[in-house]
Structure formats: structure tokens, C-alpha cells
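A quick write-up on the structure given underneath.
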Amino acid sequence: MWLRTNTLKGYIDESGSYGFNFSNFNTHLVISVILVDSKSKTSELETEIREIKNNIFHGAEIKSSKIKDRTRIKIFDRIKDFNFNYYSLIIDKRKIFDNSGLRKWKESFYKYLYRQLYLKLFNTFPNIDIFADELNDKQFLIGFEKYLIKETQNTLFQQISFSKSEKHELIQLADLIAGTINRYFTGKSKINIYSLLSKQNSGSFKWPEENYKYFNEYFDDGEFSRQIMELSVFRADNYIEKHRTNKNPEIMLRVRFIEYLKEVLLYKGPDVHVYGADIISNISYGLREKVTDYYLKSNIVANLRDNDVLIASNRKGYKLPTSKKDIIDFFEMFFSNIDPMIKRIRNCYKSIILATGNDIDLLEDNKFYYLNKIIIDNDEQ
């Protein structure tokens, strides 16, 4: 159990790389964090890793990619009684949606995935300092660090810093653990670290999550929900296919928007809404100017709805509709906005009719045909 009064230290590294050529076991990316509580326990573990480096690697940096399985077992046996924990994000790149921006843009790939891990850590530990391996691309690193600080909203007690792995023994340990997990999931090795370091295992989460069983259970309640989902995905796919190669910036953003909603539906489940801010951060890659919430509503969502794409929304955000409830919630949200406006127009209209003795009928003009039907027909019922 972590002591909430102490500052927890987290050391992060990854195994695997960006890229979607799955030859040579390049199917997964694993990001692992070593969690150590208190200065003395950190120092003890660092000292042991330093001794391992001197005894086994002649003082050289520990690199998982260069270590044989029997050496891994030897190292894990030496540290199995030390007081630390590890937690991992395991990404199966084969399951990432084909047209996802995560496949197309390296920056978007790393930002999105690391954000998932940092949010998990910062939402769990009120006092934590994160030390991560420095990236090769300096320009990307600067923007990446600013992005993580902004997106995770970490406090004064939650800090992120980047440095070269050879300067931190525990970043090297994170690399070793991430590499061992990666080898296991890609089939390169049968070493299961969870059995070798079972006491230190704080769990992991796999991404993308599989929801196939969940989908089957969800739609057992009625065929009508399945029909709505199939229609919304069909409409979304039609728009994506029609505009996939269009270079117009607005249309490209609309395609990204639909692809992201579809990705959320497929990977996170049919009842998940996405806030506008999250959508904006995931579709704005490669743009010089930031997409605003107003632009999202007026130029992206409104236009897509005009083009027959089904998009449900409520106070929780946006989604592709998958049930009768989604549609009802969407209707109710719009009605809650429209109804007060209609009432104001009706009150104004009735006031003019009353004041002029019905001499001036503002709704006679044909351009107010629909408004006339809403107000007059409603009064006649």
C-alpha cells in the first residue's frame, strides 16, 4: 500500500515502436512504469540495479533489446524481494482501427497513448513525480511535454520530467520490464514476468479494449438498437468513403471526427460519449490553428448532420447512436434548446396580434411557413 503522505516516484520506458508493418514480431508497444515509494526504497533499488550493471554488463546501460532470456531471469531473481511495483500499458497495434489518426500520425499515436497512462497515474496518486526516457526528436519532445502537462492537468505535487535512460537506473529497469512483457505478448519469449515478479505486479491495461462480448450482451435487449447502430455506422462509413481523399481542410476534419467516433464505438463500447475537448485534441493533429468548440459544433457536427450522418449528443458529449435512448436523449437536448425559443416567438406573435386587433399577421409571409405551422397548429390542438 502506498503512503499518501510521501511523494511516489514513477520511472517510465517503452518497448516497441510506432509503425504498422507487423513483421519481425512488431505487433505490440508496451509502456511500463516502475513505482517506488520514499527516498530510501528508491535508493536501495537504484543501488541494486547499479550493482547488476557492474556485475553482468560491466557498467554498461541495461538495454532489454540486447538481453537474453536467461539473463533476464537472473536479474529478476535478484530484485524479486525489493519493495517496488510496476504497471504497464499494453498496446496491440494490430487492433487499432485502419483509418485511425493514430496510424497516420506518429505524434498523435504517442500523445494519445501516453496520455492514457499519465491520466491513470495522476488520477490514482495525488503525489507523484514522473521520470520518462527522453525522446530522440527534441522538437516533438518540447511539444509533447507541454501537451501532457496541459491534458493531464497535473498539480504541483504531480510532475513530469524527461531525461536520457542511462542517467536513471530505474528507467532502465522499466525498459527491461516493458521489453520482457513485449517479448511475451509478441511470441518471441515464453518468460512470463508476472510469475517472476508477482509481488511487484500492480496490474496492466490492454488497449484497444475488446468489447465483442459486451456488444452481444448489450444488444440482446432488442433488435431495434442493433438496427440503429448498423444504420449509424453505415452512414458514417459512406461519408468516410466518399470524402476519404478530399484535401479540403474542413472536410478532412469531418472525416477525422467520424473516424474517431467510430473508433470509440468499436473499442470503448456503444454507450460511451466523448466530450468535445477530447475530440478536438484527437482530430487537430497537423493543424496550425486550434479547432474551437464553436467551430466543432457549427462547421463539423452541423454539416455532417446536414449530410445525413447520424450523430447523437447530450451533455456527456458526442457519439454514433446505437440505441433508442441515444436518439431520445438527442431529441430531448435539442428540444430543451428549441422549446424556449418557440415560446418566446409565440409570446411575441400573440402580443402583436392582441395589440393590433389581428390587423398585422406576421406569419402570413410564406417564408415563415414552418413557424406558422408550429405556432398556429399547436394553438389549435
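Each reported figure results from applying straightforward, stated rules to the coordinates on display, with no laboratory input. Computed from a predicted structure; not experimentally measured. Glycine gets a Cβ as well: all are built from the backbone with ideal geometry, and neighbour counts include every protein chain shown.
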Name the trypsin sites (Lys or Arg not before Pro) in segment 1-75 that are in a loop by DSSP and that have at most 16 other C-beta atoms within 10 Å, would you?
R4, K63, K68
The distance between the Cα centres of segment 257-331 and segment 50-84, in whole Å, is 47 Å
Under a point spin-label approximation (7 Å from Cα along Cα-to-Cβ), what is the E250-K80 distance to one decimal in nm?
6.4 nm
Counting Lys and Arg as +1 and Asp and Glu as -1 over every other residue whose Cβ sits under 12 Å from the Cβ of I300, the net charge comes to +1
Need the full-extension length gain, S298 to N314, defined as separation in residues times 0.36 nm minus the C-alpha distance. One decimal, nm.
4.2 nm
Determine which lysines satisfy two conditions relative to K190: a Cα distance under 20 Å, and not lying fewer than 8 residues away in the same chain.
K63, K66, K68, K74, K80, K199, K206
Which residues qualify? For I130, with a placed amide H closer than 5 Å and at least 5 residues away or on another chain, they are G10, Q159, I160, S161
In segment 241-350, trypsin sites (Lys or Arg not before Pro) in a DSSP loop with at most 13 other beta-carbon atoms within 10 Å:
R244, K247, R288, K290, R315, K316
Between E230 and I338, what length in nm is gained on full extension when 0.36 nm per residue of separation is reduced by their alpha carbon distance?
36.0 nm
Through the Karplus equation 6.51 cos²θ - 1.76 cosθ + 1.60, θ set to phi - 60°, convert the phi angles of segment 324-339 into ³J(HN,Hα) values in whole Hz; use x for Gly and Pro.
4, 4, 4, 5, 5, 4, 5, 4, 5, 5, 5, 5, 5, 8, 7, 4
Test of understanding: ordering M333, M252 by Cβ neighbours within 10 Å, fewest first, what list do you get?
M333, M252
Near the amide H of W207, under 5 Å away, which other amide H atoms are found, from residues 5 or more places off or on another chain, if H is placed in the peptide plane?
I90, I91, D92
Fully extended contour minus Cα-Cα distance, from F20 to S198, at 0.36 nm per residue
60.9 nm
